[in-house]
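Report on the following structure.
The values are calculated or read from the model by the stated rules, or taken from the named source; none is laboratory data. Computed from a predicted model, the values in this text were never measured in an experiment. As a convention, Cβ positions derive from the backbone with ideal geometry for all residues, glycine included, and neighbour counts pool all protein chains shown.
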Amino acid sequence: MQSPAGFLFTLASYICWGLFPFYFHALAGVRADEIVAHRILWSLLLVAALLFAAGRWKTVLAALCSPRTLGVFACSAFLTCANWGIYVYAIVTGRTIEASLGYFINPLVSVAIGALVLRERLSRPKLAAVLIAFAGVAWITLRAGGVPWLGLGLAFSFAFYGLIRKIAPLGSLEGLAMETIVLAPFALAYLFWLQESGAGLAFLSDGWGMRLTLIAAGPITTIPLLLFASGVRRIALSTVGIIQYVSPSMVFLIGLFCFGEPFDLPRFIGFCVIWAAVIVFVAASVREMIRRRRIRNENAVS
């Protein structure tokens, strides 16, 4: 059953994610790897406080004692770190539009991986959408300046992350806690190495304005996740399938109109092909959801 609150929470989460480029663009003078390290550490501190306040920290402690669960989250933590690093690097180096491409094609990559790895059935319209998206990426590669490595990196890292989280036994907040616990020692060690190697840390050298901006990575990461976790349970998956494109659409528009990134005709044509694939994919997803709901209602009546 659809809930107005669920819709608003889910929409708010995607709007928050869509506004991320403004935050990372404000950190353009900071190394991308330092930003990611701070994002890991401050997210862990905030998530730990929330879990302690809610009395849910025992779940994480139990998961840490399970070698299998710890192994699963070590893999998802690696993919999270890679995804965050690629995204931050894309924004601070002026490739926001390419980052949006990654999240436009991510659902298509996810269903393709599901079909290949999990042997999930792929309907003809969805297969057509995947092939159309592939054609769009191929066009951009051949006619618009090369392989969009950052966009593909974002799409595939997040798709494999979703694949691993299918077998992860924890909720989103506990999962983020596990991932940041795994990554925190490496983040701390890396920040220490940066400082000792002479590269320096923006957190120590650029004043309190920069320090507070980096600390804000904790709530900026966690709040959208909480909104999404609260909202997605109350609305249909078909609705989520449509709302999820709010974020890459916002990222694309921010890159184009706010950051003034170049967007020539060959790139525009490639994006149009990818947008056509998205339309086919969303239409197929909605039709499948309606058909399943109709069958469920018929079975309930009979």
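Find the helices (runs of 4 or more DSSP H) located wholly in region 21-103 whose residues include 1 or more that are closer than 30 Å to ASP206 by Cβ, and list them.
32-54, 67-92
Please pick out the residue among PHE252, PHE281, PHE271 that is under 17 Å from PRO107 (Cα atoms) and touching a Lys or Arg at 6+ places or on another chain (Cβ under 7 Å).
Numbers: PHE252 fails: touching a Lys or Arg at 6+ places or on another chain (Cβ under 7 Å); PHE271 fails: touching a Lys or Arg at 6+ places or on another chain (Cβ under 7 Å).
Within the list PHE252, PHE281, PHE271, the selection yields PHE281.
Write out, first by first residue and then by second, each pair whose Cβ atoms fall under 7 Å of each other, whose residues are 6+ apart or on separate chains, and whose first residue, in region 268-285, is among the hydroxyl-bearing types (Ser, Thr, Tyr) while the second is at pLDDT below 95 and in a helix (DSSP H, G or I).
Listed by first residue and then by second, the contacts come to SER285/SER238; SER285/GLY241.
Could you grab the pairs with beta carbons closer than 9 Å, sequence gap of 6+ or different chains, first residue in region 158-170 and of a type in the set (D, E, K, R), second one part of a helix (DSSP H, G or I) and at pLDDT 90 or above?
Note: pairs meeting the criteria are ARG165/VAL72; ARG165/SER76; ARG165/GLY175.
Out of curiosity, is PRO148 modelled with pLDDT under 95, surrounded by 15 or more Cβ atoms within 10 Å (Cβ to Cβ) and out of contact with any His (no Cβ under 8 Å at 6 or more places or on another chain)?
No: the conditions fail for PRO148.
Go through region 146-174 and give me each residue that's of a type outside the set (A, V, I, L, M) and part of a helix (DSSP H, G or I).
If the condition is that a residue be of a type outside the set (A, V, I, L, M) and part of a helix (DSSP H, G or I), then TRP149, GLY151, GLY153, PHE156, SER157, PHE158, PHE160, TYR161, GLY162, ARG165, SER172, GLU174 are the ones that fit.
Are any of the residues in region 194-202 small (Gly, Ala, Ser), touching an Asp or Glu at 6+ places or on another chain (Cβ under 7 Å) and over 21 Å from TYR245 (Cα atoms)? Lay out the reasoning, then the answer.
Here is the first cut: in region 194-202, the ones small (Gly, Ala, Ser) are 197-200, 202.
Among the residues that remain, those that are also touching an Asp or Glu at 6+ places or on another chain (Cβ under 7 Å) are: 202.
Okay, now just the ones that are also over 21 Å from TYR245 (Cα atoms), so 202.
For region 194-202, residues small (Gly, Ala, Ser), touching an Asp or Glu at 6+ places or on another chain (Cβ under 7 Å) and over 21 Å from TYR245 (Cα atoms): present.
Go through ALA135, ALA155, ALA77, ALA115 for me and flag whichever is farther than 19 Å from ALA277 by Cβ and among the small types (Gly, Ala, Ser).
Of ALA135, ALA155, ALA77, ALA115, the one residue that is farther than 19 Å from ALA277 by Cβ and among the small types (Gly, Ala, Ser) is ALA77.
Take region 199-254 and flag every residue that is assigned to a helix (DSSP H, G or I), over 28 Å from LEU41 (Cβ atoms) and either within 18 Å of the chain's Cα centre (by Cα) or not small (Gly, Ala, Ser) (or both). First the steps, then the outcome.
We begin by selecting, within region 199-254, every residue assigned to a helix (DSSP H, G or I); these are 202-205, 207-215, 217-232, 237-243, 246-254.
Among the residues that remain, those that are also over 28 Å from LEU41 (Cβ atoms) are: 237-243, 246, 249, 252-253.
Hits for region 199-254 are LEU237, THR239, VAL240, GLY241, ILE242, ILE243, VAL246, SER249, PHE252, LEU253.
Among the residues of region 1-32 satisfying the criterion of being surrounded by 17 or more Cβ atoms within 10 Å (Cβ to Cβ) and β-branched (Val, Ile, Thr), which is farthest from the chain's Cα centre (by Cα)?
VAL30
How many of the residues in region 98-131 are over 17 Å from GLU288 (Cβ atoms), surrounded by fewer than 18 Cβ atoms within 10 Å (Cβ to Cβ) and modelled with pLDDT of 95 or more?
1
Looking only at region 181-217, filter to residues that are at pLDDT 95 or above and in contact with a Lys or Arg (Cβ under 9 Å, 6 or more places away or on another chain); which one of those is farthest from PHE9 (Cα to Cα)?
The extreme case among them is ALA187.
Go through (1) surrounded by fewer than 21 Cβ atoms within 10 Å (Cβ to Cβ); (2) among the aromatic types (Phe, Trp, Tyr); (3) within 21 Å of TYR87 (Cα to Cα) one by one and return the number of the condition PHE158 breaks.
Unmet for PHE158, out of (1) surrounded by fewer than 21 Cβ atoms within 10 Å (Cβ to Cβ); (2) among the aromatic types (Phe, Trp, Tyr); (3) within 21 Å of TYR87 (Cα to Cα): (1).
Exactly one of (1) crowded, with 20+ Cβ neighbours inside 10 Å; (2) under 19 Å from the mean Cα position of the chain (by Cα); (3) in contact (Cβ under 8 Å) with a residue 60 or more places away in the chain is unmet by CYS75. Its number?
CYS75 satisfies all of (1) crowded, with 20+ Cβ neighbours inside 10 Å; (2) under 19 Å from the mean Cα position of the chain (by Cα); (3) in contact (Cβ under 8 Å) with a residue 60 or more places away in the chain except (1).
Assuming SER230 fulfils every condition listed in (1) modelled with pLDDT of 90 or more; (2) within 19 Å of GLY18 (Cβ to Cβ); (3) not hydrophobic (A, V, I, L, M, F, W, C) apart from one, which condition is it?
(1)
Which of the residues that make up region 211-251 are of a type outside the set (A, V, I, L, M) and either out of contact with any Gly (no Cβ under 9 Å at 6 or more places or on another chain) or under 30 Å from GLY200 (Cα atoms) (or both)?
ARG211, THR213, GLY218, PRO219, THR221, THR222, PRO224, PHE228, SER238, GLY241, GLN244, TYR245
Would you tally the residues in region 87-97 being out of contact with any Lys or Arg (no Cβ under 9 Å at 6 or more places or on another chain) and crowded, with 24+ Cβ neighbours inside 10 Å?
Adding up the residues that qualify gives 4.
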